[in-house]
Amino acid sequence: MIANSFFPWQIEIANKYLKNPDKIHHAIILYGLKGIGKFEFSTAFAASFLCENRDSKFACKKCISCNLIEKNNHPDFKLLIPNSIADEKKISISFDDKKNTSYASNEIRINQIRDIIPWINVKSYRNNKKIVIIYKADNLNTISSNALLKMLEEPSDDIFFLIVSDCLDKLLPTIVSRCQILHLPIPDYQTSLKWLKNNNVDNYDNWLSFSSNAPIDAFRYSMYRKNPCPSWIYDFLQLLSNNSDIHVFSLLDSYPDDILINELIDIFQKLFFDLVLISYKITPKYFIDMKKILNKLSTRSTNDVLINNFIWLNRKKKLSDQQVNKKIFLNSILNKVITSFK
């Protein structure tokens, strides 16, 4: 199912851009922090843009167009998305997008760009305009980026592109120069807290801090575990802080397979970031409920070691998208963490 509603913190910006739909730029880059609802904004924007109820400011959710968008079956709407993210969001994509791929690709590949060329060259089916969402454009490879650039250089009158990105610096400068830039800001803290409370999230303040004030990420993480720090990692840190013997292979046996490697590295990066802050007498940013154990750990290491390990984890994160053995990969991380506190 495709979302066709804006989040509360998106209404003002959506209204600003949709109040004159006939003046919308043919290509818009929507960018902002990960986890604030850019995907939902883009699909709600497309639904509102193609809505056939002219009396409705946003998508009416009742017309044929809105119903087709919700089912990702609108003839004037295309969503280009990596297979891995489509699987995560439980969005159906065509068989052609999956062919010749033995695993869930993290890239938007050239065949996905090429597949929409015939569609672009055909007149719109319902209301004289068509829209393409590219999510996440950060995942365009070099070849697909150049193919998209060619489309932007030769725009059709009835085709509109909504290009979604976490970071403008990851896009080709030539693509950025041909688009209107729309920044989606982080919602204010109280708005995010209220939304999380209304969605029955426990420990909402802890989750929001862990997620850098990104409410959608906070909500998503809270669906899979009770606290920002998984219980097995917390137990591991307790053993470390007490200088107890640690059997890495026993820990690996308790590692839950539903946590992705890149999310696991993200947790350890945030832990080391907070440890660096504490070493400089600064309040932790991410694990605000773990001050006691983090204080204890910080006394058993040095600033240089903590910073170097944060950098090392960042390098490891770049490898996590590859097809790696989870337990071997995790073994190297845990052993590196252990050596930081000797």
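The values are calculated or read from the model by the stated rules, or taken from the named source; none is laboratory data. Keep in mind that this is a model prediction, so the values were computed, not measured. Counting neighbours? That spans all protein chains shown, and the Cβs are built from the backbone with ideal geometry, glycine included.
Numerical summary
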{"quantity": "Qualifying residues in region 301-342 (those that are exposed (fewer than 14 other Cβ atoms within 10 Å of the Cβ) and more than 30 Å from Glu107 (Cα to Cα)) - the one modelled with the lowest pLDDT", "calculated": "Lys342"}
{"quantity": "Every residue from region 255-276 that is at pLDDT 95 or above and either among the hydroxyl-bearing types (Ser, Thr, Tyr) or touching a Ser or Thr at 6+ places or on another chain (Cβ under 7 Å) (or both)", "calculated": "Leu275"}
{"quantity": "Output for region 130-176, where each listed residue is small (Gly, Ala, Ser), farther than 17 Å from Ile110 by Cα and under 19 Å from the mean Cα position of the chain (by Cα)", "calculated": "Ser165"}
{"quantity": "Enumerated helices (runs of 4 or more DSSP H) restricted to region 264-342, each holding at least 1 residues that are of a type in the set (Val, Ile, Thr) and within 20 Å of Tyr234 (Cβ to Cβ)", "calculated": "291-298, 326-339"}
{"quantity": "Single residue of region 88-111 satisfying the filter (assigned to a helix (DSSP H, G or I) and modelled with pLDDT of 70 or more) that is surrounded by the fewest Cβ atoms within 10 Å (Cβ to Cβ)", "calculated": "Glu88"}
{"quantity": "The lone exception for Glu52 - which of (1) at pLDDT 95 or above; (2) over 19 Å from the mean Cα position of the chain (by Cα); (3) not polar (S, T, N, Q) it fails", "calculated": "(1)"}
{"quantity": "Among residues of region 43-77, those that are buried (at least 21 other Cβ atoms within 10 Å of the Cβ) and not in a loop (DSSP other than H, G, I, E, B), counted", "calculated": "12"}
{"quantity": "Any hit, region 304-327, residues being of a type in the set (S, T, N, Q), within 30 Å of Pro82 (Cβ to Cβ), without any contact (Cβ under 8 Å) to a residue 12 or more places away in the chain and not assigned by TED's automatic domain parsing to the domain that holds Asp138", "calculated": "yes"}
{"quantity": "Every pair of residues 6+ apart whose Cβ atoms lie under 8 Å, when the first sits in region 209-228 and is under 17 Å from Phe273 (Cβ atoms) while the second is crowded, with 22+ Cβ neighbours inside 10 Å and charged (D, E, K, R)", "calculated": "Phe210/Lys270"}
{"quantity": "Pairs with Cβ under 8 Å, 6+ apart, first in region 261-285 and in the same structural domain as Lys296 (by TED's automatic domain parsing), second among the charged types (D, E, K, R) and in a loop (DSSP other than H, G, I, E, B)", "calculated": "Asn262/Asp321; Lys270/Lys285; Phe273/Lys285; Asp274/Lys285; Leu277/Lys285"}
{"quantity": "Test: Ile216 is of a type in the set (Val, Ile, Thr) and assigned to a helix (DSSP H, G or I)", "calculated": "yes"}
{"quantity": "Residue in region 232-250 that is closer than 24 Å to Ser209 by Cα and in contact with a Cys (Cβ under 7 Å, 6 or more places away or on another chain) present", "calculated": "no"}
{"quantity": "Pair list, Cβ < 8 Å and 6+ apart or interchain, from region 142-154 residues that are of a type in the set (S, T, N, Q) to residues that are not in a helix (DSSP H, G or I)", "calculated": "Ser144/Glu107; Ser144/Ile108; Ser144/Arg109; Ser145/Leu171; Ser145/Leu172; Asn146/Leu172"}
{"quantity": "Members of region 134-164 that are closer than 19 Å to Leu68 by Cβ, of a type outside the set (Phe, Trp, Tyr) and in contact with a Lys or Arg (Cβ under 7 Å, 6 or more places away or on another chain)", "calculated": "Asp158, Ile159"}
{"quantity": "Criterion: within 21 Å of His74 (Cβ to Cβ), out of contact with any strand residue (DSSP E or B) (no Cβ under 8 Å at 6 or more places or on another chain) and at pLDDT 90 or above - qualifying residue of Leu18, Leu33", "calculated": "Leu18"}
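Each row is one residue, and each column tells you yes or no for (1) surrounded by 19 or more Cβ atoms within 10 Å (Cβ to Cβ); (2) β-branched (Val, Ile, Thr).
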{"site": "Val201", "(1), (2)": "yes, yes"}
{"site": "Ser211", "(1), (2)": "yes, no"}
{"site": "Phe219", "(1), (2)": "yes, no"}
{"site": "Asn242", "(1), (2)": "no, no"}
{"site": "Val248", "(1), (2)": "no, yes"}
{"site": "Leu275", "(1), (2)": "yes, no"}
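Okay, residues lined up against (1) assigned to a loop (DSSP other than H, G, I, E, B); (2) within 30 Å of Lys318 (Cα to Cα); (3) among the hydroxyl-bearing types (Ser, Thr, Tyr):
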| residue | (1), (2), (3) |
| --- | --- |
| Ile113 | no, yes, no |
| Val132 | no, yes, no |
| Asp138 | no, yes, no |
| Ile143 | no, yes, no |
| Asn146 | no, yes, no |
| Asp157 | yes, no, no |
| Asp169 | no, yes, no |
| Arg178 | yes, yes, no |
| Ser209 | no, yes, yes |
